[in-house]
C-alpha cells in the first residue's frame with residue numbers, strides 16, 4: 001500500500017495526515033500538538049464535514065484538518081483512511097465509520 005498525505009498548513013500551524021499501511025500519522029505543530037501515530041483499529045469514527053474538514057476520533061480525542069476535494073492525493077488519502085478504518089472495525093465489532101452521507 002502506498003502512503004498518501006494531506007497537508008493543511010496555515011501561517012502559524014503545520015498540520016498533515018499521512019495514511020500508511022497499518023494506520024495514520026497526524027502531525028500538528030501547535031502549542032499542544034506534535035506527532036501522533038494511530039493504528040486503524042484505534043480509530044473509532046471518521047467524519048467528513050460539508051466544508052471538507054476531515055475528522056477522526058481516537059478515544060476521547062478528535063483530530064481534524066481541512067481537505068481539498070479537487071486534489072487527487074487528498075481523495076486517495078481519504079479513501080485509504082476510510083477503507084483501513086472500516087476493515088479494522090469489521091474485524092473488531094467496534095463503532096461504525098461515519099461519513100457525510102451516513103454510515104460507510
Residue in region 22-31 that is at pLDDT below 95, closer than 15 Å to residue 87 by Cβ and part of a loop (DSSP other than H, G, I, E, B) present: yes
Members of region 32-81 found to be in a helix (DSSP H, G or I) and out of contact with any helix residue (DSSP H, G or I) (no Cβ under 9 Å at 6 or more places or on another chain), listed by number: 72, 73, 74, 75, 76, 77, 78, 79, 80
Those residues of region 4-21 which are in contact (Cβ under 8 Å) with a residue 12 or more places away in the chain and outside any loop (DSSP other than H, G, I, E, B), in sequence order: 4, 5, 6, 14, 15, 16, 17, 18, 19, 20
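The values are calculated or read from the model by the stated rules, or taken from the named source; none is laboratory data. Keep in mind the model is a prediction, meaning the values are calculated, not measured. Methodologically, a virtual Cβ is constructed for each residue, glycine included, from the backbone with ideal geometry; neighbour enumeration extends over all protein chains shown.
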